[in-house]
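The structure appears below as structure tokens.
Any read-out appearing in this document is the output of simple, stated calculations on the displayed coordinates, not a laboratory observation. Quick caveat: nothing in here was measured; it's all calculated off a predicted structure. All Cβ positions, even for glycine, are placed from backbone atoms using ideal geometry, and neighbour counts span all protein chains on display.
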Amino acid sequence: MATIEKDSVSGQSTTGHEWDGIKELNTPLPKWWVYVFWACVVWSIGYWVVYPSWPTLNGYTPGIGLGSVVPANWTARGQLDGDLVAQKAGRAAWLSKIEASSVDAIEKDKDLLRYAMAGGKIAFNENCAPCHGVGGVGAYGFPTLADDEWLWGGSLADIEQTIKFGVRNTNANSRQSEMPKFGADGILKDDQIAAVADYVVSVASKAPAKGSAGEAVYAENCAVCHGEDGSGNKEVGAPALNNQIWLYKGGKDGVVAQVTKPKHGSMPAWSERLDASTVKLLAVYVHNLGGGK
């Protein structure tokens, strides 16, 4: 039978439990802590009465509310729905102006531009940033939108067109282009591909290898789309080659791979997913990222 006794060091009573010569002290919780604990219990009962809480067979107890402070049957979801309705009502006036204005008119109106930049940033982060990066910094296979190099043009109209209908998708109005598989389809031989890759690298370095075999191959096969000087052609989405900006891997190996069996990116037609106002917000936002013409 456990023996309760006084501890000689602390003066506390023991519980009578002992393990390996170590006796357990019977130290009660501080009274203030006990009072706070029971106060919280009482407070929680009040919450059960005021707020929806206990599940029932057909739902839950709705709560009686607390006057104007806490409406009866209040829920966090209901509060959110109400906030969204209020927000939508507040945005309606702005969105109606955006919908009735062209992207050019929006940029010329200081207040509309400020609203478009704020709304466009949110829409961009939700829909475009996964591919183009936050702020349009770009990624491997996805063009940068914050510089002044554009595959399909950087004017407001060009950007709006690209966002609306996308690139290489099933939309009838999407931008379409395709680079031939010069190597995979046997259009060029390996030595010709190597030569034209050397030439493209020299063009990108601003020191074109004039009179080289690669220049001749380029003139016969590539200049029609990328331009004689490698400046590109936005009408067909052909990128400029006279800079060091690469959508995929750069250098000779990257050029050889693209000439042999080119990669082609695709972009959704956002007009099929977003409303017209959001498309305009995105067009204005992208145009003002720093690279719009």
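Could you sort 82-88, 58-64, 236-242 so that the peptide with the highest average Cβ count within 10 Å comes first and the rest follow in order?
Numbers: 82-88: 10.0, 58-64: 12.1, 236-242: 19.3.
Averaged packing, sorted descending, gives the order 236-242, 58-64, 82-88.
Between the residues P62, P268, S212, the greatest Cα displacement towards the positive end of the dipole of the chain, with unit charges on the Cβ of Lys, Arg, Asp and Glu, is found for P62.
Counting only residues at least eight positions apart within a chain, or on another chain, the aspartates and glutamates with an alpha carbon under 17 Å from that of K280 are E99, D104, E107, D109, D111, E126, D158, E160, E272.
At W54 and K261, where each label point lies 7 Å from the Cα along Cα→Cβ, what is the point-to-point distance in nanometres? With each label point 7 Å from Cα toward Cβ, the separation is 6.8 nm. Relative to the longest principal axis of the Cα atoms of the chain, helix 76-100 runs at roughly 30 degrees.
Between A172 and Q12, the simple label model (points 7 Å from Cα in the Cβ direction) yields a spacing of 8.4 nm. Pairs of lysine residues in region 1-112 that meet both criteria, 8 or more places apart or on different chains and Cα atoms under 26 Å apart, total 8.
Note on E24 and D253: the extension gain reaches 74.9 nm, defined as 0.36 nm multiplied by sequence separation minus the Cα-Cα distance. Estimated from the Cβ-Cβ distance and a Förster radius of 30 angstrom, the FRET efficiency linking T75 and I45 is about 0.95.
Per residue, the average separation of C-alpha pairs within less than 8 Å and at least 6 apart gives region 1-74 a relative contact order of 15 percent. Cross-link pairs exceeding 26 Å in C-alpha to C-alpha distance, out of K181/K293; K164/K293; K206/K252; K121/K263, comprise K181/K293; K121/K263. For a test of the definition: using alpha carbon positions, the gyration tensor, and the 1.5 limit on a/c, classify region 115-156 as rounded, prolate or oblate. Oblate shape, in that a/c is at least 1.5 and b/c is the bigger or equal ratio.
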